1. Output the residues belonging to region 445-477 that are open to solvent by 10 Å² or more (accessible area, probe 1.4 Å) and closer than 21 Å to residue 305 by Cα.
2. Taking the condition surrounded by fewer than 21 Cβ atoms within 10 Å (Cβ to Cβ) and either assigned to a helix (DSSP H, G or I) or free of Cβ contacts under 8 Å to residues at least 60 places away in the same chain (or both), does residue 482 pass?
3. Please specify each residue of region 38-52 satisfying the condition of being farther than 30 Å from residue 216 by Cβ and either in contact (Cβ under 8 Å) with a residue 24 or more places away in the chain or not assigned by TED's automatic domain parsing to the domain that holds residue 25 (or both).
4. Being of a type in the set (Asp, Glu) and in a loop (DSSP other than H, G, I, E, B) is the filter; apply it to region 353-395 and report the residue that is surrounded by the fewest Cβ atoms within 10 Å (Cβ to Cβ).
5. Between 437, 442, which is open to solvent by less than 40 Å² (accessible area, probe 1.4 Å) and among the charged types (D, E, K, R)?
6. Go through (1) of a type in the set (Phe, Trp, Tyr); (2) surrounded by fewer than 17 Cβ atoms within 10 Å (Cβ to Cβ); (3) under 25 Å from the mean Cα position of the chain (by Cα) one by one and return the number of the condition residue 491 breaks.
7. Looking at the structure I just gave you, is residue 58 open to solvent by 20 Å² or more (accessible area, probe 1.4 Å) and more than 28 Å from the chain's Cα centre (by Cα)?
8. For region 243-352, which fully contained helices (runs of 4 or more DSSP H) count at least 2 residues that are away from the ligand (no atom under 16 Å from the Cβ), touching a residue at least 60 places away in the same chain (Cβ under 8 Å) and open to solvent by 30 Å² or more (accessible area, probe 1.4 Å)?
Amino acid sequence: MCGIVGYIGNKKALPLLIDGLKHLEYRGYDSAGVAVLGDDLNVVKTQGRIKVLEKKLKEFPLKGTLGIGHTRWATHGIPNEVNAHPHYSESKNIVVVHNGIVENYLELKKMLIKEGHNFRSETDTEVIPYLIEEFYDGNLLEAVQRALNIIEGSYAIAVIAKSEKDKLVVARNDSPLVIGLGKNENFVASDITALLPYTHKIITLENGDIAEITKKEVNIYDKQGNKIERPVQSIQWNAEDAQKGGFKHFMLKEIFEEPHVIKEAMRGRIKNDSIEIPELKNLSKDYLKNINQVFFVACGTAYHAGVVGKYLSEKYLKIPSKAEVASEFRYSDPVIDDKTLLFVISQSGETADTLAALRLGKEKGAKTIGIVNVVGSSVAREVDNVVYVHAGPEIAVASTKAYVAQVEVIGLIISYLAKSLGKLSESSERTIVKELKMLPEKAQSILDRADAIAEFVYNTTKNIEETFYIGRNLDYALSLEGALKLKEISYVHAEGYPAGELKHGPLALVTPKSLIIAIDTYAPLYKKTLSNIKEVKARKGKVLAITRKGYKDMESVADKTFYVPETIPDLSPIISVIPLQLIAYYTAESRGLDIDKPRNLAKSVTVE
Ligand code: M6R
């Protein structure tokens, strides 16, 4: 999730690129750069925000009417100047900006190094200009086509060659890219936001498209090289709407990104239907065999992802496992030694309590695995092994897409470790992989029914005094997250509770003014939770049940039933959390609250 801009026309490219990048800074902000083709092909880049880049450009003003720019949100390689885009080819005759992940970059890099090439950065991106240069014989479009044929992964790229002064080549696969049409000038950007000050005539590229853009023409080709047409749309959004992709809030936009996030989190981690976590390759079988306890430590939503981890770890690794809130863990003098495996989960990688828990664990000898979103963050730097979740920048204070990615990556890691320990059969692994691959589509099918959730919320939650989220096992883990989401953005009191525990106290609170969100997706315990729902109904509480498709008997018990697609129970939280996030969102929205910046809360809690 970075930002790309490009310009070709008669005007000075640099101010247009910088303006475009400023509109995209919300997508990535750890480093930035521009390349402009004038008499020469020059690149200026820096670590930090666009204003730092602007300052540097005062010393190196770039002249020319063709250029590309990038604002980065690191995925491979820490945020620094060398890793910032644009990236040159080895001879510096070609430059590329890229969003996405090149899955097979290690193989490609190895191959190129063997052929005698020298790389400058730690990024996956750098193999792209190097490959294009390998294939280049005077026709940039063809060279890009040939390079992309061997690149696996997601990308939106913009490419310039020094010897083709009238041309910009762009391509996309699983990462958005749009072309803006002007008069004797054309623009490209990773999202419409950057283009709206200049044009409202937009072409959206589809996966596999490659376009050759001059100041007068746009020619688009499919993967096979056939010329194709894409419709020109007239976009009427204003700049603020565009940043949010037309959604009313970043939170909703981020929830709707989840199908893509699910795909990205497994990218490079499934090879020939087998689960591989390259970041954990150095954990030997001997080491793994010796582990005698597993901890998941984190705060807030990340902690709730850890609760899912605890259930999965015990089930698959058959090792005692615990999820602990980092602020408690750090002061509890936990019994830890070198046989302890400590998972540290954090979206930002900067949460003070989580960092302290990590340091304590290390001090006591535990091996640590970080599940982190922000590349190069403190947690990422301090853990023994970091596995990035690749959810992209999360702007809303309420964490949504990061949770989905965390749960998925934890599931992948646990499966991988279980396999390494001989505790996961090949056929179970195949089933997990098959189901995982179907999740993006299933998540989308839930989002396609978001209106049903909104309608329920608008009709039901106005006079509610008390909300309980209940569930068992993984559904209990989800109930904690559902309740937190509701509390933090709608300011409605909510509690997540084990469904079987209600009658040991909280049932006394249930009245017709109580709303119970019953999560009953975990197939092995479906009937048990159904009985708990009946107990609530007997006290006249209102029940919205979130259950698996096909469990029709729920309809005669709950006031409203929302079905989530079937999948294997252990993957269900990845998609079953979506209705819970939507309930919280629409509740807050119906109350007219400041959803992206809820009162009293900060996105990153760097104090204890
Ligand atoms: O950046 P982290 O994942 O370490 O943040 C942890 C919590 O502060 C965070 O999840 C918080 O609970 C969110 N506001 C929840 O939506």
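1. 472, 473, 476
2. Working: surrounded by fewer than 21 Cβ atoms within 10 Å (Cβ to Cβ): no; either assigned to a helix (DSSP H, G or I) or free of Cβ contacts under 8 Å to residues at least 60 places away in the same chain (or both): yes.
No.
3. Filtering region 38-52 for residues farther than 30 Å from residue 216 by Cβ gives 46-49, 51-52.
Selection gives 46, 47, 49.
4. Narrowing region 353-395 to residues of a type in the set (Asp, Glu): 353, 363, 382, 384, 394.
Those still in the list that are in a loop (DSSP other than H, G, I, E, B) too: 384, 394.
Working: 384: 17, 394: 24.
Step by step, filter region 353-395, then rank; the result is 384.
5. Numbers: 437 fails: open to solvent by less than 40 Å² (accessible area, probe 1.4 Å).
Of 437, 442, the one residue that is open to solvent by less than 40 Å² (accessible area, probe 1.4 Å) and among the charged types (D, E, K, R) is 442.
6. With (1) of a type in the set (Phe, Trp, Tyr); (2) surrounded by fewer than 17 Cβ atoms within 10 Å (Cβ to Cβ); (3) under 25 Å from the mean Cα position of the chain (by Cα) applied to residue 491, the lone miss is (3).
7. Working: open to solvent by 20 Å² or more (accessible area, probe 1.4 Å): yes; more than 28 Å from the chain's Cα centre (by Cα): yes.
Taking the combined requirement at face value, the residue satisfies it.
8. Values: elements: 250-256, 258-266, 285-290, 300-317, 326-329.
Filter on region 243-352 gives 258-266, 285-290, 300-317.
The values are calculated or read from the model by the stated rules, or taken from the named source; none is laboratory data. Quick caveat, the model's predicted, so the values are computed rather than measured. Heads up, the Cβs are rebuilt from the backbone with ideal geometry, glycines too, and the neighbour counts pull from every protein chain shown. In case anyone asks, the SASA skips ligands and DNA or RNA and just uses the protein heavy atoms, side chains included. Shrake-Rupley method; radii C 1.70, N 1.55, O 1.52, S 1.80 Å.
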